[in-house]
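Heads up, the thing below is written out as structure tokens.
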Amino acid sequence: SGHTNPSFPIARQLVKRGHSVTYLSSAVFKGAIEATGAAFVDEVEELSELMQPDPAKPRAENFMSAFLALATEFGKDAAHGYGNIKQWAATHNIAIERQLPAFLRFFSEENGALKFDAAVYDNLMLGVVAHACRLLNLPAVALCTVAGPGSMEVLTREMASNEGMTLEDMDRLSFDDEDGAKAVARLRERYPSLELPSHPFSCGTWQYIGGPRAMTLVTTIEPLRDPISDNVSEALRAADVRFTYIGPSLDVKGAKRAGGFIFDAHNEEPEDDEPKLHRHRSDLTDSSDAPLAALQEAKQLNASVVAIYISLGTVITSDMPMSGWTARLTDAEGKEYGITGKQLCQSVFTAAFEEFGASERGEGRSSYAQACEEGAPLLIVSAGPQLDALEGLSVPPNALCRSYVAQVDILQSDLVDMFVTHGGQNSFMESMANGVPLVVVPGFADQPVNGRKAEAMGVGLAVARPEEDTEAVLARYVQDLRAAMRSVFEQEKFRAKAREMGALIAGAGGSARAADIAEAIAATARGSETAAASATAPRKSYGDMFREMSAQAEAEASK
């Protein structure tokens with residue numbers, strides 16, 4: 001969801017401007033995609049070489065299961081001593097071979113003409129699209145939903161280190177592995193002009209496209225981008241890869257977004273119910289706007305009510321085998337260690353309930369405002385789609401728990417005082433855009449980096465995921481979480497820094513600027529290079545914006 005949600009506001013903008021937009025994506029996102037006005041095409045149907053390489057065997061049900069099946073097919077899974085990173089490197093070129101033909105077909109008519117004026121693609125999950133666009137000379141916009149090109153380098157290096165590898169080791173494995181080498185040979189024979197860089201991980205630029213017919217949109221602002229190493233920076237310059245930092249891509253109020261998902265349940269969405277405003281009618285199958293309604297009601301009845309929002313993302317609460325509800329961290333041989341996704345989430349919920357829960361006073365409270373009347377904050381918990389998310393927990397009367405919460409709407413309400421988050425890039429930026437301080441509880445990937453960034457910026461605190469699974473470790477984890485939550489909640493300095501970041505992000509342009517650039521890049525397919533140059537021209541520098549903000553603050557202080 002985190003890679004897909006930022007595209008919805010852009011698609012909505014383009015459809016509103018009269019453009020035809022088509023998504024090739026997972027069925028779990030079909031409802032949210034069609035709500036933008038775009039057309040949906042199921043990736044399972046299109047990516048036949050990846051989803052069903054052997055017609056005699058069952059077809060994979062989704063993208064992730066296809067990649068796991070690919071690793072198993074070639075003996076590069078955990079059962080054969082492959083950790084996640086080693087598996088990724090060893091199957092890198094095999095996966096390209098399995099995906100590329102489908103994207104070339106999808107982008108082209110039978111007569112060879114292009115179906116689309118441009119492609120907008122996720123360069124992290126679908127870097128293969130860059131190869132397809134280069135082969136077809138199709139204008140392209142990459143949507144980078146982490147903190148810039150340096151983020152992937154930092155993240156991959158850290159993950160590789162955890163498995164005892166370097167990025168250079170990954171480079172070598174991707175080409176020296178026997179099956180990978182055979183895939184490379186077949187790719188070069190079939191597509192003579194295809195460029196397969198020899199250093200895809202240590203100098204990872206292959207998933208970007210350079211030149212005037214391409215742009216990479218990054219959903220952060222330049223002061224918050226991760227540092228880029230000299231070798232990657234030089235490679236990007238040599239390839240003429242351009243980046244525009246648009247800030248968070250925020251949608252309109254009430255827009256349908258992709259929430260948590262369970263593939264095995266086929267993401268069956270419950271029908272909306274009447275908002276349930278009392279916790280004794282709480283229902284994790286309720287996906288209505290109850291949380292925002294409860295918050296607004298509580299504020300109307302008691303203006304002093306404050307709110308804490310808790311959400312740990314859509315991946316760790318899913319059934320994804322490598323990062324989801326039952327998954328743990330893995331070592332170099334694919335062996336699991338540490339706590340599960342469920343243990344992480346329930347530790348966070350427990351900490352919040354114990355630290356901020358209101359006392360029970362019978363069943364007479366008719367609203368959350370009354371539950372918070374003695375100063376307890378309203379706790380809004382996006383618990384995810386797992387039906388056992390609150391199993392064994394004591395939910396206090398001032399907590400509203402739902403499987404799905406309209407996060408952007410909640411954060412934009414200006415009624416949330418603190419956000420307890422996994423630290424995914426979207427959540428991080430959405431919180432900063434609205435000046436809400438953070439407690440970051442990272443699970444995996446770029447989340448630990450964002451936790452450290454929050455602390456360095458002074459906008460919040462981070463609590464690391466335990467690497468052991470014992471009662472004592474979990475008890476200490478809950479206590480550390482409680483201390484971090486209390487500290488951020490009570491100290492004004494975190495809110496002040498978050499508001500500063502919100503003011504900075506406001507000038508980035510967001511989804512409207514992204515749509516402008518996508519239109520301009522698409523126009524290059526019709527020979528309009530001038531439009532692209534105008535739309536992608538740099539805006540006022542952040543240095544100038546910092547100076548203007550400082551001058552305004554000094555002027556206010558002198559009054």
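The values are calculated or read from the model by the stated rules, or taken from the named source; none is laboratory data. Everything quoted here is computed from the prediction, not taken from an experiment. We place every Cβ from the backbone using ideal geometry, glycine too, and count neighbours over all the protein chains shown. Areas reflect the complete protein model, heavy atoms only, side chains present, ligands, DNA and RNA absent. Shrake-Rupley method; radii C 1.70, N 1.55, O 1.52, S 1.80 Å.
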Could you grab me the full set of residues in segment 1-14 that are open to solvent by 40 Å² or more (accessible area, probe 1.4 Å) and at pLDDT 95 or above?
ARG12, GLN13
With (1) within 15 Å of ALA454 (Cα to Cα); (2) open to solvent by 50 Å² or more (accessible area, probe 1.4 Å) as the list, and ALA506 as the residue in question, which single condition is left unmet?
(1)
Note down all Cβ pairs under 7 Å where the first residue falls in segment 60-77 and is of a type in the set (Lys, Arg), the second is assigned to a helix (DSSP H, G or I), and they're at least six residues apart or on different chains.
LYS76/GLN87; LYS76/ALA90; LYS76/THR91
Would segment 103-112 turn up any residue that is surrounded by fewer than 21 Cβ atoms within 10 Å (Cβ to Cβ) and under 24 Å from PHE8 (Cβ atoms)?
yes
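Taking the conditions exactly as written (under 19 Å from SER48 (Cβ atoms) and among the β-branched types (Val, Ile, Thr)), does ILE85 satisfy them or not?
In short, no.
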Hand me the list of helices (runs of 4 or more DSSP H) wholly inside segment 148-209 holding 1 or more residues that are free of Cβ contacts under 8 Å to residues at least 12 places away in the same chain and in contact with a Cys (Cβ under 6 Å, 6 or more places away or on another chain).
none
Residue identified as over 21 Å from ASP226 (Cβ atoms) and free of Cβ contacts under 8 Å to residues at least 40 places away in the same chain among ALA456, ALA406, ALA475, ALA484
ALA475
From the option list ARG190, ARG213, single residue qualifying as over 17 Å from ALA160 (Cβ atoms), in contact with a Ser or Thr (Cβ under 7 Å, 6 or more places away or on another chain) and of a type in the set (Lys, Arg) is ARG213
How many residues, within segment 156-194, are more than 19 Å from GLY75 (Cβ to Cβ) and touching a Lys or Arg at 6+ places or on another chain (Cβ under 7 Å)?
2
Determine, yes or no, whether ALA358 is surrounded by fewer than 19 Cβ atoms within 10 Å (Cβ to Cβ), part of a loop (DSSP other than H, G, I, E, B) and aliphatic (A, V, I, L, M).
no
Kindly check whether there is at least one residue in segment 83-97 that is in contact (Cβ under 8 Å) with a residue 12 or more places away in the chain and in a loop (DSSP other than H, G, I, E, B).
yes
For segment 107-154, which residues satisfy the criterion of being aromatic (Phe, Trp, Tyr) and more than 25 Å from the chain's Cα centre (by Cα)?
PHE107, PHE116
Could you identify the single residue in PRO192, PRO270, PRO212 that is surrounded by fewer than 19 Cβ atoms within 10 Å (Cβ to Cβ) and modelled with pLDDT under 90?
PRO270
Quick one: in segment 294-309, which of the residues that are open to solvent by 10 Å² or more (accessible area, probe 1.4 Å) and among the hydrophobic types (A, V, I, L, M, F, W, C) is farthest from the chain's Cα centre (by Cα)?
LEU301
Considering segment 408-445 alone, what residues qualify as being open to solvent by 20 Å² or more (accessible area, probe 1.4 Å) and within 16 Å of the chain's Cα centre (by Cα)?
HIS422, ASN426, ALA433, PHE444, ALA445
Taking into account only those residues within segment 23-34 that are in contact (Cβ under 8 Å) with a residue 24 or more places away in the chain, surrounded by 15 or more Cβ atoms within 10 Å (Cβ to Cβ) and not aromatic (Phe, Trp, Tyr), which is farthest from SER318 (Cα to Cα)?
LEU24
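Which members of segment 36-45 meet the condition of being surrounded by 16 or more Cβ atoms within 10 Å (Cβ to Cβ) and more than 24 Å from TYR245 (Cβ to Cβ)? Full working, then the answer.
So in segment 36-45, the residues surrounded by 16 or more Cβ atoms within 10 Å (Cβ to Cβ) come out as 36, 38, 40, 43-44.
Answer for segment 36-45, where residues must be surrounded by 16 or more Cβ atoms within 10 Å (Cβ to Cβ) and more than 24 Å from TYR245 (Cβ to Cβ): ALA38, PHE40, GLU43, VAL44.
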Here are the criteria: (1) touching a strand residue (DSSP E or B) at 6+ places or on another chain (Cβ under 9 Å); (2) of a type in the set (Ser, Thr, Tyr); (3) within 25 Å of ALA327 (Cα to Cα). Tell me which single one TYR121 does not satisfy.
(3)
Of residues in segment 124-143 being part of a helix (DSSP H, G or I) and in contact with a Ser or Thr (Cβ under 9 Å, 6 or more places away or on another chain), the one farthest from GLY112 (Cα to Cα):
ARG134
Looking at (1) hydrophobic (A, V, I, L, M, F, W, C); (2) closer than 18 Å to ILE310 by Cβ; (3) touching a Lys or Arg at 6+ places or on another chain (Cβ under 8 Å), which one does LEU438 not meet, given that it meets all the others?
(3)
Might you check whether a residue that is modelled with pLDDT of 90 or more, in contact with a His (Cβ under 7 Å, 6 or more places away or on another chain) and farther than 27 Å from MET322 by Cα occurs anywhere in segment 159-179?
no
